[in-house]
Protein chains: 2
Amino acid sequence: MKQRVTMRDIARKLGVSSVTVSKALNDKEGVSEELRKKIKETAREMGYRLNTLAKAMKEGYSYNVGVVIPERFIGDTQSFYLRFYQHIAKALDHYGYCSILHILTAEDEEQLQLPRVYNERKVDGFIMLGQVNKEYASLFQQIELPVVFLDFYHDQDVDCVLTDNFFGMYELTNHLIQCGHREIAFVGNIYSTSSIQDRFLGYYKSLLEHRIPLREEYIISDRDEKGKYIDFVLPKNMPTAFVCNCDQVAYHLVHTLKELGYRVPEDCSVVGFDNDIYATLAEPNLTTVQVNMEEMSDLAVKMIIEKSKDRNKKYGRVLVKGQIIYRDSVQRIND
Amino acid sequence: MKQRVTMRDIARKLGVSSVTVSKALNDKEGVSEELRKKIKETAREMGYRLNTLAKAMKEGYSYNVGVVIPERFIGDTQSFYLRFYQHIAKALDHYGYCSILHILTAEDEEQLQLPRVYNERKVDGFIMLGQVNKEYASLFQQIELPVVFLDFYHDQDVDCVLTDNFFGMYELTNHLIQCGHREIAFVGNIYSTSSIQDRFLGYYKSLLEHRIPLREEYIISDRDEKGKYIDFVLPKNMPTAFVCNCDQVAYHLVHTLKELGYRVPEDCSVVGFDNDIYATLAEPNLTTVQVNMEEMSDLAVKMIIEKSKDRNKKYGRVLVKGQIIYRDSVQRIND
DNA sequence: CTGAAAGCGCTTACAG
DNA sequence: CTGAAAGCGCTTACAG
């Protein structure tokens with residue numbers, strides 16, 4: 001196999017011009033079917049591979065998309081965003097694009113340092129996965145490359161794809177109420193992230209609709225302002241069900257409850273959110289809400305590709321519904 | 001900010017040639033310091049970004065490396081290779097390269113389908129992360145792009161970076177023996193993967209050195225030929241310690257032992273390998289061997305970059321030592 | 001249906 | 001120290 005076969009090599013071998021070869025290989029009109037077939041065959045025989053670089057330079061597109069994930073989301077226990085990335089990579093591949101992952105260090109975020117792929121024009125746009133600070137998010141909106149935020153938004157004018165946290169938690173709480181629960185606590189620091197806030201509001205809406213008062217002692221914090229997990233302070237009057245802002249917290253809560261002598265779900269029901277590894281590590285396995293990563297990834301990819309071709313495309317906030325996964329952590333307590 | 005600033009734009013503005021701009025920006029000789037400074041300043045002011053595509057086409061390098069991970073290694077519970085990928089991406093970044101992740105589907109592997117980045121010449125070489133079937137591995141060795149296998153090898157002639165499974169398990173078993181254990185079982189299907197095999201042989205070497213006979217009933221399988229986990233068949237004479245081929249299996253073993261009424265580590269010590277999430281999910285937390293991902297990633301990256309510049313570079317099998325992490329799953333039983 | 005010309009933005013020789 | 005010329009491999013627009 002020769003080192004580098006170019007269109008010109010094929011052209012010379014067949015006694016045609018490289019323009020014709022280009023047309024034939026790209027299925028453009030202006031070549032007879034017979035010649036096209038012969039060219040394609042010869043290309044295969046000679047082991048020809050398109051040089052995307054040359055094509056990209058001519059067209060001004062790299063057919064690469066940068067995916068930025070803040071480093072802190074890729075801890076030892078947090079594979080959530082990496083799994084998300086996997087779906088993004090697949091979706092990009094499906095549209096003929098490649099993904100270039102950029103792991104954003106806390107330092108670069110603080111110093112408003114843009115990824116090298118930006119400075120080197122290696123990508124046509126960015127997907128920002130997960131929450132970054134406001135200044136960094138704003139910086140990305142100012143550059144001349146389009147950006148789509150995935151699983152995070154910070155401002156009205158941003159194009160983003162989000163889990164419908166609000167609606168998911170609303171439906172999950174409805175489910176508990178249908179099972180007879182009326183004393184339902186929410187577990188999560190509602191000042192911490194916007195997704196916890198939205199989930200809390202969905203829980204609250206469900207209470208409102210069912211005329212169940214919101215009780216302050218039923219809002220149980222799980223982490224401090226810096227996101228560090230803290231010990232739960234359980235209410236004096238125990239609820240019959242706990243709605244946790246995520247599976248990891250639900251997992252820890254189940255542990256804590258068991259240590260205090262409560263049985264789950266017989267004494268307390270517990271539900272989570274995300275359907276990550278903690279949902280099935282917990283015993284009993286958790287009823288939870290599964291984020292629809294495939295659909296979210298596919299949407300974000302479609303959006304960024306469209307935006308890279310037409311800078312004026314606007315999408316706004318796009319919400320994708322999750323799905324309740326029913327497992328064994330909820331007890332039916334109505335008669 | 002103008003859409004696209006080129007070297008020529010800078011040149012025109014300063015009344016010099018684009019060759020001079022290129023030299024100045026690339027810190028090549030042939031420009032006066034004064035002019036170089038002025039050019040760099042103007043470039044910054046005009047918001048110039050290098051078009052890597054053009055540079056790459058000229059030089060014949062893309063400064064991208066493809067990282068291939070078989071899909072089956074990225075399950076819901078297996079974030080190991082994605083964490084590995086993170087380190088690879090960081091190491092590549094450090095050397096001025098970008099990584100393009102390719103998730104290899106079972107189908108593509110079966111049909112010997114090469115990643116699109118290969119056909120599009122988007123990468124200078126590949127890092128293959130994790131085990132693929134022999135045919136696929138051979139295919140990769142035949143293409144004209146270099147490849148480095150990471151955490152897997154299949155043949156003498158391959159350049160690869162491996163955890164020293166053998167030596168790690170040897171040291172870990174030595175540690176158990178130093179703690180007084182002499183009845184030590186190995187848990188893992190020793191016909192399943194080469195890394196389990198090597199770990200087993202390290203365990204065996206430690207037994208040999210200490211004149212402890214290898215007992216057949218102390219080799220406990222954990223999975224069938226297809227890699228599916230099976231129930232453990234525990235020996236009639238219980239050992240005092242179990243050496244598990246990985247943390248996940250150790251985690252399950254601890255569960256099984258507890259259900260049977262054994263206390264860990266009081267009645268049986270258990271050790272794992274990998275130091276993944278299961279090591280700290282297990283109670284007690286597992287003594288295990290930590291794979292040195294940083295060093296392995298850095299080595300693999302250095303190797304693939306060198307190989308992309310010099311096709312004749314050969315490295316062979318490079319082994320990287322792991323490190324024992326001491327936790328609470330081993331009981332000292334000597335007097 | 002086919003191809004000569006020009007250009008994408010850069011770099012590498014080479015000449016002044 | 002500075003720059004005109006050529007070329008990397010492709011595609012687009014135009015002419016025949």
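The values are calculated or read from the model by the stated rules, or taken from the named source; none is laboratory data. Small disclaimer: the values here were computed from a predicted structure and weren't measured. Because the Cβ atoms are built from the backbone with ideal geometry, glycine has one as well, and the counts that use them run over all protein chains shown. Heads up: the accessible areas ignore ligands, DNA and RNA and are worked out on the full protein's heavy atoms, side chains in. Shrake-Rupley method; radii C 1.70, N 1.55, O 1.52, S 1.80 Å.
Kindly establish whether B:GLU45 is modelled with pLDDT under 85, more than 9 Å from DNA strand C (Cβ to nearest atom) and more than 10 Å from every other protein chain (Cβ to nearest Cβ). No.
Among the residues making up region A:156-212, those that are touching a residue at least 60 places away in the same chain (Cβ under 8 Å) and among the charged types (D, E, K, R) are A:ASP159, A:ASP164, A:GLU171, A:ARG199. Every test in (1) out of contact with any helix residue (DSSP H, G or I) (no Cβ under 8 Å at 6 or more places or on another chain); (2) surrounded by 20 or more Cβ atoms within 10 Å (Cβ to Cβ); (3) farther than 16 Å from B:GLU295 by Cα is passed by B:LYS122 save one, and that test is (1). Here the condition is being among the aromatic types (Phe, Trp, Tyr) and under 19 Å from A:GLN290 (Cβ atoms); of A:TYR170, A:TYR229, it holds for A:TYR170 alone. Looking only at residues in region B:14-40 that are charged (D, E, K, R) and closer than 20 Å to B:THR52 by Cα, the one that is farthest from DNA strand C (Cβ to nearest atom) is B:LYS40. Number of residues in region A:15-37 that are near DNA strand D (Cβ under 10 Å from one of its atoms) and surrounded by 14 or more Cβ atoms within 10 Å (Cβ to Cβ) equals 7.
Per-residue answers, yes or no, for (1) among the aliphatic types (A, V, I, L, M); (2) closer than 25 Å to A:VAL320 by Cα:
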{"site": "A:ILE74", "(1), (2)": "yes, yes"}
{"site": "A:PHE80", "(1), (2)": "no, yes"}
{"site": "A:THR105", "(1), (2)": "no, no"}
{"site": "A:TYR118", "(1), (2)": "no, no"}
{"site": "A:GLY125", "(1), (2)": "no, yes"}
{"site": "A:ASN133", "(1), (2)": "no, yes"}
{"site": "A:SER138", "(1), (2)": "no, yes"}
{"site": "A:VAL148", "(1), (2)": "yes, yes"}
{"site": "A:TYR153", "(1), (2)": "no, yes"}
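Residues of region A:232-245 that are surrounded by fewer than 23 Cβ atoms within 10 Å (Cβ to Cβ) and touching a residue at least 24 places away in the same chain (Cβ under 8 Å): A:PHE232, A:LEU234, A:PRO235, A:ASN237, A:MET238, A:PRO239, A:THR240. Exactly one residue among B:TYR218, B:TYR229 is in contact with a strand residue (DSSP E or B) (Cβ under 6 Å, 6 or more places away or on another chain), touching a residue at least 12 places away in the same chain (Cβ under 8 Å) and open to solvent by 40 Å² or more (accessible area, probe 1.4 Å), and that residue is B:TYR229. Across region A:298-332, the number of residues qualifying as open to solvent by 70 Å² or more (accessible area, probe 1.4 Å) and touching a Cys at 6+ places or on another chain (Cβ under 9 Å) comes to 3.
Let's see how each residue does on (1) of a type outside the set (D, E, K, R); (2) in contact with a Gly (Cβ under 9 Å, 6 or more places away or on another chain); (3) surrounded by fewer than 21 Cβ atoms within 10 Å (Cβ to Cβ):
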| residue | (1), (2), (3) |
| --- | --- |
| A:THR42 | yes, no, yes |
| A:THR52 | yes, no, no |
| A:LYS55 | no, no, yes |
| A:SER62 | yes, no, no |
| A:VAL68 | yes, yes, no |
| A:TYR85 | yes, no, no |
| A:TYR95 | yes, no, yes |
| A:GLU109 | no, no, yes |
| A:TYR118 | yes, yes, yes |
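Pairs are defined by a Cβ separation below 8 Å, a sequence spacing of at least 6 or placement on different chains, a first member in region A:51-70 that is touching a residue at least 24 places away in the same chain (Cβ under 8 Å), and a second member that is near DNA strand D (Cβ under 7 Å from one of its atoms); the pairs so defined are A:ASN51/A:THR6; A:ASN51/B:MET57. Within region B:7-22, residues that are within 14 Å of another protein chain (Cβ to nearest Cβ) have Cβ atoms under 6 Å from residues that are among the hydroxyl-bearing types (Ser, Thr, Tyr) and near DNA strand C (Cβ under 9 Å from one of its atoms) in these pairs: B:MET7/B:SER18; B:MET7/B:SER22, counting only partners at least 6 apart in sequence or on another chain. B:LEU101 fulfils the conditions (1) more than 16 Å from DNA strand D (Cβ to nearest atom); (2) more than 8 Å from chain A (Cβ to nearest Cβ) except for a single criterion, (2). Somewhere in region B:72-88, is a residue modelled with pLDDT under 90 and either among the β-branched types (Val, Ile, Thr) or within 16 Å of DNA strand D (Cβ to nearest atom) (or both)? Yes, because at least one residue in region B:72-88 is modelled with pLDDT under 90 and either among the β-branched types (Val, Ile, Thr) or within 16 Å of DNA strand D (Cβ to nearest atom) (or both). A:ASP310 passes every criterion in (1) touching a residue at least 12 places away in the same chain (Cβ under 8 Å); (2) under 24 Å from A:TYR97 (Cα atoms) apart from (1). Condition check: touching a Leu at 6+ places or on another chain (Cβ under 9 Å), open to solvent by 70 Å² or more (accessible area, probe 1.4 Å) and not basic (Lys, Arg). Does B:LEU208 satisfy that? It is true that B:LEU208 is touching a Leu at 6+ places or on another chain (Cβ under 9 Å), open to solvent by 70 Å² or more (accessible area, probe 1.4 Å) and not basic (Lys, Arg). Number of residues in region A:70-80 that are buried (at least 18 other Cβ atoms within 10 Å of the Cβ) and within 26 Å of A:GLU144 (Cβ to Cβ) equals 1.
Residue-by-condition table, conditions (1) among the aliphatic types (A, V, I, L, M); (2) open to solvent by 10 Å² or more (accessible area, probe 1.4 Å); (3) farther than 21 Å from B:PRO115 by Cβ; (4) assigned by TED's automatic domain parsing to the domain that holds B:LYS309:
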| position | (1), (2), (3), (4) |
| --- | --- |
| B:PHE149 | no, no, no, yes |
| B:TYR170 | no, yes, yes, no |
| B:GLY180 | no, yes, yes, no |
| B:PHE186 | no, no, yes, no |
| B:THR193 | no, yes, yes, no |
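Given the structure, is B:MET1 surrounded by 15 or more Cβ atoms within 10 Å (Cβ to Cβ), modelled with pLDDT under 85 and within 16 Å of DNA strand C (Cβ to nearest atom)? Considered against the rule, which asks whether it is surrounded by 15 or more Cβ atoms within 10 Å (Cβ to Cβ), modelled with pLDDT under 85 and within 16 Å of DNA strand C (Cβ to nearest atom), B:MET1 comes out as no.
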